[in-house]
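To keep things clear, I will list the structure first and then write my remarks on it.
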Amino acid sequence: MSKRAGEFVTLDDFVGEVGVDAVRWFFASRAHTSSIDFDIELAKKQSSENPVYYVQYAHARIASILRKAAGAGLAPAVSVIGGLGEDAPPEQRLAREVIRLPEVVEDAVAAEETQGITAYATELATAFHAFYRDARVVDPDAPERSATRLALARATQITLARTLDLLGISAPESM
């Protein structure tokens, strides 16, 4: 709605234009006490500039990595416990981010706000993209390290899916 221009768009038209996931994300990412400046062009972009696309892309990228690993005969380890060495900063940073979900949800419930969940999802996606950039996840020459990294990627995927589900947003397997 624009008072100055005299324009009004219904929520149904808005959802039709940008999609339900983008609408839910942008509403959830703001405190209920703040106004929303909704950038329709940003919400339609399929790039890292669009926060919901960025998070969904991280989920889909992990699904792709897991498919590629399976094709190479590699599978995630049962656990990452004991598999993350002290000389593995990318893995450690991502693992620390993954395990924050219960705390984030607890804080969101206590505050009766959802923007902490969207912020966490963005931080987790950012941590995953950095991990993927800095660590070779699928490496047939290092199957044990790959198994641990695949397990961490899978844990990240599950956490992203649960976070998106809390917001009523889809977690696509491909994009």
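Label points 7 Å out from Cα along the Cβ direction at Phe8 and Ile158: separation in nm?
4.9
Relative to a virtual label point 7 Å from the Cα of Arg93 in the Cα→beta-carbon direction, which members of the range 139-169 show backbone nitrogen distances below 16 Å?
153
About its Cα centre, what dipole magnitude does the chain give when the only charges are +1 on Lys and Arg Cβ and -1 on Asp and Glu Cβ, stated in debye to the nearest 20? It would help to have the intermediate numbers written out before the result.
Working: 18 positive and 25 negative charges, 88 e Å.
Roughly 420 debye, rounded to the nearest 20.
How many angstrom lie between the Cα centre of the range 39-75 and the Cα centre of the range 118-175?
The range 39-75 and the range 118-175 have Cα centres separated by 9 Å.
Quickly rank 58-67, 163-172 as a protection proxy: mean count of other C-beta atoms within 10 Å, highest first.
Details: 58-67: 19.6, 163-172: 17.9.
Put in order of decreasing packing, that is 58-67, 163-172.
Once you put a point 7 Å from the Cα of Gln46 and another 7 Å from the Cα of Met175, both along the Cβ direction, what distance in nm separates them?
Once both label points are built, they end up 1.0 nm from each other.
First check a/c for the range 27-175, with a ≥ b ≥ c the square roots of the eigenvalues of its C-alpha gyration tensor; if it is under 1.5, answer rounded, and if not, answer prolate when a/b is larger than b/c or oblate otherwise. Write out the running numbers ahead of the final one.
Values: a/c = 2.49, a/b = 1.69, b/c = 1.47.
Since a/c reaches 1.5 and a/b is larger than b/c, the shape of the range 27-175 is classed as prolate.
So which helices of the chain fit the span-like rule, where a helix is a whole DSSP H run, its Cα atoms reach 18 Å or more along the axis, and its mean Kyte-Doolittle is at least 0.0? Don't jump to the answer; show the numbers that get you there.
Values: long enough: 51-71 (30 Å, 0.19); 115-134 (28 Å, -0.02); 143-166 (34 Å, -0.05).
Flagged H segments are 51-71.
Hey, if you drop one equal point scatterer on each alpha-carbon of the range 10-52 and run the Debye formula without solvent, what base-10 log of I(q)/I(0) do you get at q = 0.26, 0.30 Å⁻¹?
Each listed q corresponds, in turn, to -0.97, -1.18.
Suppose all protein chains stay in the model; what accessible area per residue would a 1.4 Å probe give for the chain, in Å²? Don't jump to the answer; show the numbers that get you there.
Details: 10140 Å² over 175 residues.
Dividing the accessible area of the chain by its residue count gives 58 Å².
Once you place label points 7 Å from the Cα toward the Cβ at Ile81 and Asp139, how far apart are they in nm?
It works out to 2.5 nm between the two label points.
Taking H placed 1.01 Å from N in the peptide plane, check which residues at least 5 places from Val137 or on another chain put their amide H under 5 Å from its amide H.
Under 5 Å from the amide H of Val137: no residue qualifies.
The values are calculated or read from the model by the stated rules, or taken from the named source; none is laboratory data. Treat the numbers as computed from the prediction; the structure is a model and nothing was measured. Heads up, the Cβs are rebuilt from the backbone with ideal geometry, glycines too, and the neighbour counts pull from every protein chain shown. The protein model used for the area step is the full one, side chains on, heavy atoms only, and it has no ligands, DNA or RNA in it. Shrake-Rupley method; radii C 1.70, N 1.55, O 1.52, S 1.80 Å.
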